[in-house]
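The values are calculated or read from the model by the stated rules, or taken from the named source; none is laboratory data. If you're wondering where the values come from, they're calculated on a predicted model, not measured in any experiment. Here Cβ is always computed from backbone atoms with ideal geometry, including for glycine, and neighbour counts include all displayed protein chains. What goes into the accessible areas is simple: the full protein's heavy atoms, side chains included, and nothing from ligands, DNA or RNA. Shrake-Rupley method; radii C 1.70, N 1.55, O 1.52, S 1.80 Å.
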Amino acid sequence: MKLTGAQIVCESPLKEGVKVMFGIPGGVLLPFYDTLPQYPKIHHILCRHEQGAAHAAEGYARACGKVGVCLATSGPGATNLVTGIASAYLDSVPMVAITGQVARPFIGKDAFQEIDITGITLPITKHNYLVASAHELATVVKESFHIASTGRQGPVLIDIPRDVFVEESEYHYPEKADMPGYKPTVRGHPAQIKKAAKFIKESNRPLIIAGNGVIASGASAELKELAEKAQIPVVNTLLGLGSFPGTHVLCLGMLGMHGLAHANMAVSAADLIIAIGMRFDDRATASVAGFAPKAQVIHIDVDPAEIGKNVKVDVPIVGDVKHVLKALNAQIEAQNHVEWISQIQEWEREHPPLSIRECESVLPQYVINQIYEVTNGDAIIVTGVGQNQMFASHYFKYDRPNQFLSSGGLGPMGFELPGAMGAKVACPDEAVWCVAGDGGFQMTIQELATIVQEKLAVKIAILNNGYLGMVRQWQELFYGRRYSQSSLHNPDFANLARAFGAVGITCDKKEQVPAAIEQMLKETRPVVADFRVDPEENVWPMVAAGKALDEMDGLELLERLA
Ligand SMILES: Cc1ncc(C[n+]2csc(CCOP(=O)(O)OP(=O)(O)O)c2C)c(N)n1
Ligand SMILES: [Mg+2]
């Protein structure tokens, strides 16, 4: 069967189960967009900015675990994707980004809208391709989906010259990707797993740090089995929230720069760290020199490059987390660590993580807590970056994977709105709540038009503090309260939402918060609520730069609330 390149780019993703693509057309993509209507099984979502398309593909993939697909034209379209691709790369999110390129005879001539996007994205993609002919397209698509979704997942970019879309070629979609040089390790080394089991047996103060890899490999059940059988408390990285039930007695919550006090204290006091599908990011470890000073470290990760990169490891295990945990669980004996667990509980009583101070104003913590109460914790939460992200990580308990969606590694403001759009497309039957910063919301606000056009009932809660809040917090604490360029004069978000065709709510009184959230819950249209929160509320505790995890600021405040 002969197909054009454009037909191959429609037909092949369909074979991979793709149902949705987020994109924007442009000159070199016209042959593709002219062909797209022949494939009604592909739902193309016309975004308003390619950054929105990339974040939406990310949000989609983060919510359902399938590869997210985004499309952009050459030059400015392609460069606009870069932030979303980088975000997917740093957080190991499976994504295929398709860009149009100028026609082959124009490549290298600085043609109109010619940009070397494979060069630009080389360090932020797992792999990328500049397609030389329609003949190789099917193989390239097959390989791209395979690379994006296996091993340590990540983004792959396919750059397709305009004339390749038009070229005809014999079409045969390969059953398998034939890549002898790419074989991610799945099973961990048996001797290392045995050694890990021995370390666990001998430990008195073991602690699991569960990261994104647990979610990516679908290993929550295995993690729960390990924790319960050996009675090991679990802390989560930001992206690991939900990998272990947030309401479980053994769950300590998040560690790190804005980790919960007792979680950070537990890391510092542990004699064994079992790090699972996490990469010792500096926001999680704080000062590496002061990280878990009393502990030996078992590190399970699918990517060998992560082992020993930031933290010295005693028992490295390279493999897929689910496989490794299954093998490890078979060797684990029932244990209890009553003394260790009661010590951690005492720290928690001294610094209660969910206390909210009494005050007249709307506190951001209270808004998140009310979203948790009103939804009974049954919602997907998509956050921005900054204080809103940290409040959303603490004051909502995530009991299942893919429930807390946030860009952790790159942390681009503006992920929240398109990210939530992608999540809602992936999970139309779930309540998707976007927790936005007033700053971040304005970075990708244009996607509200896409959300309205697609009739996606996303619930957008803006924690409007009138500041680039996290920047302001640092200026308050470390720059003598000199708020240089962090104060925002904002538009009326509720009116703005109405102009876009969404429902707009303003909430500036504490007693209105529960009703506003109830209204958002019931609303079947996209809804934006502008919560005018206390402008100078801070995220506590906090580990300042260069300090160790147990050298937290803000503990006295939490002690007073105990
Ligand atoms: C694209 C981008 N630019 C700048 C930053 C640096 N930055 C981190 S948090 C933050 C403030 C975010 O403000 P807002 O969205 O209102 O969230 P808040 O912290 O107030 O909740 C800034 C500017 C960033 N993370 N991303
Ligand atoms: Mg703000």
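Table for the structure above
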| read-out | value |
| --- | --- |
| Close pairs (9 angstrom Cβ cut-off, 6 or more residues apart or separate chains): open to solvent by less than 20 Å² (accessible area, probe 1.4 Å) and within 15 Å of ligand 2 (Cβ to nearest atom) in region 397-416, in a strand (DSSP E or B) and among the hydroxyl-bearing types (Ser, Thr, Tyr) anywhere | PHE415/THR383; GLU416/THR383 |
| Helices (runs of 4 or more DSSP H) contained entirely in region 444-559, each with at least 1 residues that are under 22 Å from CYS427 (Cα atoms) and not charged (D, E, K, R) | 447-453, 513-522 |
| Listing of strands (runs of 3 or more DSSP E) fully contained in region 128-226 that carry 1 or more residues being over 27 Å from ARG283 (Cα atoms) and not acidic (Asp, Glu) | 155-161, 168-170 |
| Hits in region 14-34 (condition: among the hydrophobic types (A, V, I, L, M, F, W, C) and part of a helix (DSSP H, G or I)) | LEU14, VAL28, LEU29, LEU30, PHE32 |
| Residues of region 164-179 satisfying the condition of being open to solvent by 30 Å² or more (accessible area, probe 1.4 Å) and farther than 14 Å from LYS142 by Cβ | VAL166, GLU167, GLU168, GLU170 |
| Residue tally, condition open to solvent by less than 20 Å² (accessible area, probe 1.4 Å) and out of contact with any Leu (no Cβ under 6 Å at 6 or more places or on another chain), over region 21-30 | 4 |
| The one condition in (1) open to solvent by 50 Å² or more (accessible area, probe 1.4 Å); (2) within 17 Å of the chain's Cα centre (by Cα) that ALA210 fails to fulfil | (1) |
| Tally, over region 18-47, of residues that are of a type in the set (D, E, K, R) and closer than 26 Å to HIS146 by Cβ | 2 |
| Residue within region 436-453 that is among the hydroxyl-bearing types (Ser, Thr, Tyr) and away from ligand 2 (no atom under 16 Å from the Cβ) present | yes |
| Where a residue in region 491-520 is farther than 19 Å from LYS455 by Cβ and its partner, wherever it lies, is acidic (Asp, Glu), with Cβ under 6 Å and at least six apart | PHE493/ASP530; ALA494/ASP530; THR506/ASP530 |
| Which listed residue is farther than 30 Å from ILE124 by Cα, touching a helix residue (DSSP H, G or I) at 6+ places or on another chain (Cβ under 8 Å) and within 16 Å of ligand 2 (Cβ to nearest atom), from ILE368, ILE344 | ILE368 |
| Considering residues of region 464-506 that are aliphatic (A, V, I, L, M) and within 13 Å of ligand 2 (Cβ to nearest atom) only, the residue surrounded by the most Cβ atoms within 10 Å (Cβ to Cβ) | MET470 |
| Residue among VAL338, VAL324 that is crowded, with 19+ Cβ neighbours inside 10 Å and of a type in the set (A, V, I, L, M) | VAL324 |
| Residue, farthest from ligand 1 (Cβ to nearest atom), within region 427-442, restricted to residues that are of a type outside the set (Asp, Glu) and surrounded by fewer than 24 Cβ atoms within 10 Å (Cβ to Cβ) | PRO428 |
